[in-house]
1. Within segment 161-197, work out how many residues are in a strand (DSSP E or B) and either within 15 Å of ligand 1 (Cβ to nearest atom) or hydroxyl-bearing (Ser, Thr, Tyr) (or both).
2. Any idea how many residues of segment 3-51 are over 21 Å from residue 204 (Cβ atoms) and of a type in the set (D, E, K, R)?
3. Identify, please: which residue in segment 237-288 is acidic (Asp, Glu) and surrounded by fewer than 18 Cβ atoms within 10 Å (Cβ to Cβ) and is, among those, nearest to residue 47 (Cα to Cα)?
4. Answer with yes or no whether residue 230 is within 16 Å of ligand 2 (Cβ to nearest atom), surrounded by fewer than 22 Cβ atoms within 10 Å (Cβ to Cβ) and over 25 Å from residue 23 (Cβ atoms).
5. Restricting attention to segment 95-110, does a residue exist that is on the phi > 0 side of the Ramachandran plot, surrounded by fewer than 19 Cβ atoms within 10 Å (Cβ to Cβ) and either away from ligand 2 (no atom under 12 Å from the Cβ) or of a type in the set (S, T, N, Q) (or both)?
6. Out of 86, 109, which single residue is more than 20 Å from the chain's Cα centre (by Cα) and of a type in the set (Ser, Thr, Tyr)?
7. Tell me the helices (runs of 4 or more DSSP H) entirely within segment 198-288 that contain at least 3 residues that are within 14 Å of ligand 1 (Cβ to nearest atom).
8. In segment 131-151, which residue that is assigned to a strand (DSSP E or B) and either within 16 Å of ligand 1 (Cβ to nearest atom) or hydrophobic (A, V, I, L, M, F, W, C) (or both) is surrounded by the fewest Cβ atoms within 10 Å (Cβ to Cβ)?
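The values are calculated or read from the model by the stated rules, or taken from the named source; none is laboratory data. Bear in mind that the values here come from a model prediction, so they are computed numbers and not experimental data. Note that each Cβ is placed from the backbone with ideal geometry, even for glycine, and that neighbours are counted across all protein chains shown.
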Amino acid sequence: MTPTETAQVLVEALPYIRQFAGKSIVVKLGGAAIDRESDLALAQDVLLLRSVGVRCVLVHGGGPQVDTMLRRVGKEPEFRDGLRVTDEETLEIVRMVLVGKINRDLVATINSQAGAEPVAVGVSGEDAGLLTVTPADRALGFVGNVTGVRAELLHRLLDDGLTPVVSTIGANAEGQPYNVNADEAARAIAVAMQAEKIVYLTAVPGLLEDPKDENTLVHRLTSAELRDRIEHESVGKGMIPKLKACADAVDQGVGFAHIIDGRVHHSLLIELLTDHGVGTMVKREASW
Ligand SMILES: Nc1ncnc2c1ncn2[C@@H]1O[C@H](COP(=O)(O)OP(=O)(O)O)[C@@H](O)[C@H]1O
Ligand SMILES: CC(=O)N[C@@H](CCC(=O)OP(=O)(O)O)C(=O)O
């Protein structure tokens, strides 16, 4: 790339920087997309966005990593409608993996790229009542539905120039921890923060017409069109909570929801700051 072409890329970003400066963006990193190299690129993206005034909150999952740890201790993972059946021992392992391992690794990765000023702060939904939950369904054990988000805690961290990295364990009114699906927790956080966008980073290019063919990407659709697809046979588990969360997010006031490929380095920056839309974009009204 010539120096002029490099300058052109920066100039292309200008209207997007203007559009998003001062706005909140929730980025949900799925466990399926967590990987040392792509996490490093994501850390750089989040720091670059922060430095141009975008208020980024990173929410992470870790389903596959929890599965690995459960199997290591001789427990077979069990799911109902995409949600993990969570007994007391499973809850302990989910907390260990999400809060104790993945959150720490992401905070360290962001801070390793932050130069002299480490800015990433790890928080669990249990901290200071960030995520309040009620039990989802007796058969699921300690799985919670989010009923409250103390968004002001995240805004306060952002006001101080810090970047929150959120693990999705919630707590009920008695302080009992519950496991929360990370797609749903990210949606609740984005709605409570009145975020401009929610971006789901996962291990596929976006919603696919045919999950076996990456060339069948659905580029854009409305929340109503998305809801029609959730029941479709081409949508398998894993995608279901994500699609529901995208439709709910935009219907509840978030400007746009995106599902993009977290395996592609810098996909977040490409989506936000360039003319090249990637992945699947969801909006409330069909006014493209
Ligand atoms: N129609 C579809 N389009 C895209 N992905 C699909 C579809 N149906 C099922 N999937 C699966 O959903 C997965 C994403 O969900 P999941 O594995 O839970 O990711 P994450 O850890 O990012 O939340 C994809 O890797 C893919 O295998
Ligand atoms: C209740 C429930 O299912 N919780 C999820 C939380 C992690 C998660 O959602 O991780 P991904 O984003 O990688 O799927 C779980 O235990 O796997």
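1. 5
2. Going through segment 3-51 one residue at a time, the tally reaches 5.
3. 275
4. no
5. No; the residues of segment 95-110 include none that is on the phi > 0 side of the Ramachandran plot, surrounded by fewer than 19 Cβ atoms within 10 Å (Cβ to Cβ) and either away from ligand 2 (no atom under 12 Å from the Cβ) or of a type in the set (S, T, N, Q) (or both).
6. 86
7. 223-230, 239-251
8. 149
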